[in-house]
Amino acid sequence: MGLFSFVKNAGKSLFGGKAEAAEPEAEALEKELSDLGLDTKGAEIAVEGDKVTVTGGDMSAEEREKVILAVGNVEGVAAVEDKDDAVEPTFHTVEKGDTLWAISAKTLGNGAHYEKIFEANRPMLTHPDKIYPGQVLRIPTA
């Protein structure tokens with residue numbers, strides 16, 4: 001089981017305004033997952049205030065991490081609790097001035113491996129240069 005923190009006022013707006021104006025809704029998060037082409041394979045998405053809980057489902061570790069990131073990187077979400085994780089994923093919160101190259105150098109030991117981070121975060125990332133401060137990225141393991 002893991003609890004992952006996100007920047008509540010950063011991320012994709014699904015609610016048409018500021019995070020303070022709307023609490024995340026499970027239906028909107030499920031639609032976002034569907035729009036991204038991510039299959040929860042039966043997992044339940046529940047929302048309590050600004051915390052989202054992911055329970056169940058027959059997902060691989062990679063699929064589960066992508067679901068956690070997709071719902072966590074939504075404006076208004078401050079935390080995602082994974083009730084069923086078996087392996088502790090490696091995440092990185094983007095800071096001002098970060099690039100995928102710099103993140104890759106810091107986390108993977110070589111900036112030239114930035115494409116591995118980009119691919120590990122598809123479909124949430126559409127271009128290596130489209131990252132923002134507060135965004136949480138999945139760092140692939142060997």
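The values are calculated or read from the model by the stated rules, or taken from the named source; none is laboratory data. Just so it is clear, the model here is predicted, and its values are computed rather than measured. Cβ: placed from backbone, ideal geometry, glycine included. Neighbour counts: every protein chain shown. What goes into the accessible areas is simple: the full protein's heavy atoms, side chains included, and nothing from ligands, DNA or RNA. Shrake-Rupley method; radii C 1.70, N 1.55, O 1.52, S 1.80 Å.
All but one of (1) within 12 Å of the chain's Cα centre (by Cα); (2) open to solvent by less than 20 Å² (accessible area, probe 1.4 Å); (3) farther than 18 Å from Ala120 by Cα hold for Ala43; state the number of the condition that does not hold.
All conditions pass for Ala43, except number (1).
Arg138 passes all but one of (1) out of contact with any strand residue (DSSP E or B) (no Cβ under 7 Å at 6 or more places or on another chain); (2) basic (Lys, Arg); (3) surrounded by 14 or more Cβ atoms within 10 Å (Cβ to Cβ); which number fails?
So Arg138 meets the others, but not (1).
Among the candidates Asp82, Asp98, Asp58, which residue alone is surrounded by 14 or more Cβ atoms within 10 Å (Cβ to Cβ), at pLDDT below 95 and not aliphatic (A, V, I, L, M)? Spell out how you get there, then give the answer.
Values: Asp98 fails: at pLDDT below 95; Asp58 fails: surrounded by 14 or more Cβ atoms within 10 Å (Cβ to Cβ).
Testing whether each residue is surrounded by 14 or more Cβ atoms within 10 Å (Cβ to Cβ), at pLDDT below 95 and not aliphatic (A, V, I, L, M) leaves just Asp82.
Hey, does the stretch 66-76 have a residue that's open to solvent by 70 Å² or more (accessible area, probe 1.4 Å) and of a type outside the set (A, V, I, L, M, F, W, C)? Step through it out loud before you land on a result.
Of the residues in the stretch 66-76, the ones open to solvent by 70 Å² or more (accessible area, probe 1.4 Å) are none.
No, that holds for no residue.
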